[in-house]
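Have a look at the structure below, then the notes.
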Amino acid sequence: MFDGTLTTTPDETGELARLRSIYDGLLLQPPVPPGDDALADLAAMANIFDLDARRPPAAVWGDLRAVLMGQAVAGAAAATDLPDVAPLTLMVVEDDPDMAASLTELLTGAGHRVVGPFPDARAATAAAALHAVDLALLDINLAGDGAGEGSGVALARALKQTWGVPVIFLSGDIATAARNAALATALVHKPYTGRDVLDGIARAVAAGAVPG
């Protein structure tokens, strides 16, 4: 039985440490700015988490850091008090078999219909032509596609442009997700709990990206 916890590999959690090494200088007195490119990435990451990126960078990073650390610390928490969302047809694309199975169990247990799970973009693209999908949950880096970093990006673009399917990125690769923020309605940061996933779906519905 799914217990609300979805684990991930240790190298994915290293993304948070990498981001802290870049942006924690903003919280020092006096602040240590990370550079224009990094500040642009910070604004993109804030937008994908529905944070106000127009504020001073230190305030933006403070809130984004809290979100990311909160998700990481919540890795062992159970999914309770779940958001109320009408049943949807959800596509799952995840190349980790155990995580894909747990995610499917979580979503079906919440009353949703799951198309998949699929381990790569090719299978997911074929399925999208056959099924009406309300929302797709994609791992942004799909090892089986042989396309390297961000290999889920092309799939997200195809789903959105060809079939009008909105996307949630599931990833520890926050920077890649931020660079492609226009393709996704939300990002659920690995490692995540079942509650994080269902909250991401609820955010997509609340934003009007999918029917509620």
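At-a-glance table
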| quantity | calculated |
| --- | --- |
| Cα-Cα P(r), segment 109-201, percent of pairs per 5 Å interval | 3, 14, 26, 26, 21, 9, 1 |
| Order of Glu15, Glu105 - criterion: other Cβ atoms within 10 Å of each residue's Cβ, fewest first | Glu105, Glu15 |
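We did not get these values from a lab; they are worked out from the coordinates using the rules stated. None of these values were measured; they are calculated from a predicted model. Neighbour counts are summed over all protein chains in view; Cβ atoms, including those assigned to glycine, are modelled from backbone coordinates with ideal geometry.
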